[in-house]
Amino acid sequence: MSIIERPLARSDPSYRYQATEGLIVRLLASFSELVRLGAAYDRAPCYPEQSMAILIETGAQAHFAPPESGGAMFRDALEENTSLFDVLRIVGRSDLSLGRLFEGHINAMKLFGWFGTSVQKHALYDRLQKGALYGVWATEPPPGVEIHRGKSGRILEGRKMFASGAGGLNFAIITARTPEGEVQLISVPGNVGKRADTSRWLVRGMRSTMSGTYDVSGFEPGNQDYLGKPGDYAIEPRFTAGAWRFLAVQLGGIEALLAETRTNMSDNARSDPLQRQKFGEAVASARTAYLWVREAARRAAEESVDAPSVVRMARGVVERSALDVMELSARIVGTRSAFDDQRIDKIIRDLGLYLRQAGPDQARDQAAIAWLDHDAWGDGDLLW
Ligand SMILES: Cc1cc2nc3c(=O)[nH]c(=O)nc-3n(C[C@H](O)[C@H](O)[C@H](O)COP(=O)(O)OP(=O)(O)OC[C@H]3O[C@@H](n4cnc5c(N)ncnc54)[C@H](O)[C@@H]3O)c2cc1C
């Protein structure tokens with residue numbers, strides 16, 4: 001059993017997550033298969049149907065849905081995030097493309113939990129039972145998706161871009177602008193083939209996310225498709241702090257890269273102090289990211305006012321950690337790390353692209369601005 005298949009220690013020893021024990025065991029049992037499938041989908045990119053099916057079989061698809069929709073009953077938000085932190089890391093370790101798709105599905109489940117009516121949550125139960133998977137598609141080329149008043153009701157116009165799982169996912173929660181200029185969440189079918197265009201998703205990593213464009217023009221949403229009120233999507237601190245979830249997936253990639261690097265470290269390299277130093281730096285870097293993301297998950301659960309600042313700062317830490325471990329891995333393992341069939345090569349390609357989430361420099365700058373104003377670390381431990 002390799003290091004990345006061994007059961008995880010509790011992320012927070014004081015916080016057992018009984019509700020998720022079984023899911024973790026089932027995910028770890030499927031781990032090798034997810035790795036194998038991830039490599040195959042990377043070679044011949046398409047929507048990773050089989051990997052997604054495993055997420056359904058293991059129960060990961062429904063686990064973080066609202067309880068009324070069949071999700072687990074957590075004691076509180078901290079137990080939920082502690083569980084989710086480990087689940088996202090495991091999926092990310094197996095395959096970052098799958099992790100991205102899964103994280104999108106989780107984001108949609110959170111939106112249902114926060115803004116769904118009782119009727120919508122029960123309808124979600126039926127859909128999840130039938131194997132439905134969701135995405136959240138916000139990114140769009142100008143002018144973006146707009147809601148127009150049609151003759152028989154409201155009608156959508158426009159398309160989304162970087163829409164992970166376009167044409168493959170059953171549904172997506174999209175953002176659309178109301179005639180009054182506000183942002184409204186709407187559930188749309190995500191698997192209408194003719195609306196999806198993934199032909200230009202020709203990328204060096206994250207290939208099987210199939211993050212293409214999706215045209216929603218002409219779709220007439222019914223009342224049941226409107227999730228929450230205009231403006232709900234960007235409510236803080238949830239909106240910004242929610243970034244901790246993609247950080248947990250990226251962290252999984254960093255951890256997998258570290259473990260692979262160790263496995264591929266030759267005897268010569270292991271007996272060389274210079275190479276050992278690099279390995280030590282990679283361990284410290286990966287665990288630094290771990291500590292920040294774990295903390296970010298906790299702050300997000302508490303919904304503290306400074307949670308967005310801690311998460312923004314964590315984004316910079318994770319980006320730096322990923323870039324460092326990617327470089328150190330290539331230097332420790334050498335040329336072999338760049339070959340097509342090497343897992344190290346795939347993880348480096350995937351991570352390199354996945355780090356390009358929106359506005360990374362701005363996130364760090366906003367965090368610095370907050371810290372200049374006050375010690376945003378908070379937690380009863382203020383330096384100023
Ligand atoms: C694999 C993958 C999957 C994705 N899946 C989805 C999905 O399912 N749904 C979805 O909605 N989106 C998705 N996205 C999109 C993602 O969330 C980001 O919107 C996108 O990656 C940002 O792309 P960008 O780097 O071109 O843009 P930007 O973030 O705009 O960055 C471009 C450059 O401009 C700079 N910049 C940006 N804003 C400013 C500013 N205000 N001031 C100064 N400089 C600025 C940035 O720092 C950066 O250097 C996905 C992206 C990837 C890579």
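LYS346 fulfils the conditions (1) away from the ligand (no atom under 16 Å from the Cβ); (2) modelled with pLDDT of 95 or more; (3) among the charged types (D, E, K, R) except for a single criterion, (1).
Can you tell me which residue among ASP340, ASP361, ASP350, ASP373 is touching a Lys or Arg at 6+ places or on another chain (Cβ under 9 Å) and loosely packed, with under 13 Cβ neighbours inside 10 Å?
Answer to the check: ASP340.
Only one of the listed residues (GLY153, GLY205) is at pLDDT 95 or above and among the small types (Gly, Ala, Ser). That residue is GLY205.
In the range 292-302, is there at least one residue being within 14 Å of the ligand (Cβ to nearest atom), in contact with a helix residue (DSSP H, G or I) (Cβ under 7 Å, 6 or more places away or on another chain) and in contact (Cβ under 8 Å) with a residue 12 or more places away in the chain? No: the range 292-302 contains no residue that is within 14 Å of the ligand (Cβ to nearest atom), in contact with a helix residue (DSSP H, G or I) (Cβ under 7 Å, 6 or more places away or on another chain) and in contact (Cβ under 8 Å) with a residue 12 or more places away in the chain. Please enumerate the residues belonging to the range 129-164 that are closer than 30 Å to PRO67 by Cα, in contact with a Phe, Trp or Tyr (Cβ under 7 Å, 6 or more places away or on another chain) and more than 13 Å from the ligand (Cβ to nearest atom). Hit for the range 129-164 is ALA132, nothing else. Within this structure, VAL311 passes the test of being within 29 Å of ASP361 (Cβ to Cβ), buried (at least 22 other Cβ atoms within 10 Å of the Cβ) and either of a type outside the set (Lys, Arg) or touching a Phe, Trp or Tyr at 6+ places or on another chain (Cβ under 6 Å) (or both). Looking across GLY158, GLY113, GLY135, one residue alone is modelled with pLDDT of 95 or more, closer than 24 Å to SER51 by Cβ and touching a Ser or Thr at 6+ places or on another chain (Cβ under 9 Å). It is GLY135. Among the residues of the range 164-174, the ones that are under 14 Å from THR213 (Cα atoms), part of a strand (DSSP E or B) and touching a helix residue (DSSP H, G or I) at 6+ places or on another chain (Cβ under 9 Å) come to 1 in all. Can you spot a residue in the range 5-19 that is in a helix (DSSP H, G or I) and either touching a Cys at 6+ places or on another chain (Cβ under 8 Å) or modelled with pLDDT under 70 (or both)? Yes, the range 5-19 has at least one match.
Picking from residues in the range 192-228 that are charged (D, E, K, R) and more than 18 Å from ARG149 (Cβ to Cβ), the one that is nearest to the ligand (Cβ to nearest atom) is ARG207.
Scanning the range 177-191 for residues that are among the small types (Gly, Ala, Ser) and either more than 15 Å from the ligand (Cβ to nearest atom) or without any contact (Cβ under 8 Å) to a residue 24 or more places away in the chain (or both) gives a single hit, GLY181.
Remark: LEU28 falls outside the filter, which requires a residue to be part of a helix (DSSP H, G or I), under 17 Å from the mean Cα position of the chain (by Cα) and modelled with pLDDT of 95 or more.
If you filter the range 49-71 down to residues that are without any contact (Cβ under 8 Å) to a residue 60 or more places away in the chain and not in a helix (DSSP H, G or I), you find that the one that is nearest to the chain's Cα centre (by Cα) is PHE64.
Scanning the range 165-176 for residues that are more than 10 Å from the ligand (Cβ to nearest atom), more than 21 Å from GLN224 (Cβ to Cβ) and touching a strand residue (DSSP E or B) at 6+ places or on another chain (Cβ under 6 Å) yields a count of 1.
Within the range 139-150, is there a residue that is assigned to a loop (DSSP other than H, G, I, E, B), at pLDDT 95 or above and either assigned by TED's automatic domain parsing to the domain that holds THR20 or buried (at least 24 other Cβ atoms within 10 Å of the Cβ) (or both)? Yes; the residues of the range 139-150 include at least one that is assigned to a loop (DSSP other than H, G, I, E, B), at pLDDT 95 or above and either assigned by TED's automatic domain parsing to the domain that holds THR20 or buried (at least 24 other Cβ atoms within 10 Å of the Cβ) (or both).
Number of residues in the range 72-113 that are in a loop (DSSP other than H, G, I, E, B) and either within 16 Å of the ligand (Cβ to nearest atom) or touching a Phe, Trp or Tyr at 6+ places or on another chain (Cβ under 6 Å) (or both): the value is 1. Close contacts from the range 349-365, counting a first residue that is at pLDDT 95 or above and a second that is within 6 Å of the ligand (Cβ to nearest atom), with Cβ to Cβ under 7 Å and a gap of 6+ residues or different chains, come to ASP350/MET206; LEU353/MET206; TYR354/ARG100; TYR354/MET206.
Restrict the check to the range 41-48 and report whether at least one residue is out of contact with any strand residue (DSSP E or B) (no Cβ under 8 Å at 6 or more places or on another chain), among the hydrophobic types (A, V, I, L, M, F, W, C), farther than 27 Å from ALA296 by Cα and without any contact (Cβ under 8 Å) to a residue 12 or more places away in the chain.
Yes, the range 41-48 contains at least one residue that is out of contact with any strand residue (DSSP E or B) (no Cβ under 8 Å at 6 or more places or on another chain), among the hydrophobic types (A, V, I, L, M, F, W, C), farther than 27 Å from ALA296 by Cα and without any contact (Cβ under 8 Å) to a residue 12 or more places away in the chain.
A single entry from VAL333, VAL318, VAL325 fulfils the requirement of being within 16 Å of the ligand (Cβ to nearest atom), of a type in the set (Val, Ile, Thr) and surrounded by 15 or more Cβ atoms within 10 Å (Cβ to Cβ): VAL318.
The values are calculated or read from the model by the stated rules, or taken from the named source; none is laboratory data. Bear in mind the structure is a predicted one, so any value in this text is a computation, not a measurement. For neighbour counting, all protein chains shown are included, and Cβ atoms are generated from backbone atoms with ideal geometry for every residue, glycine included.
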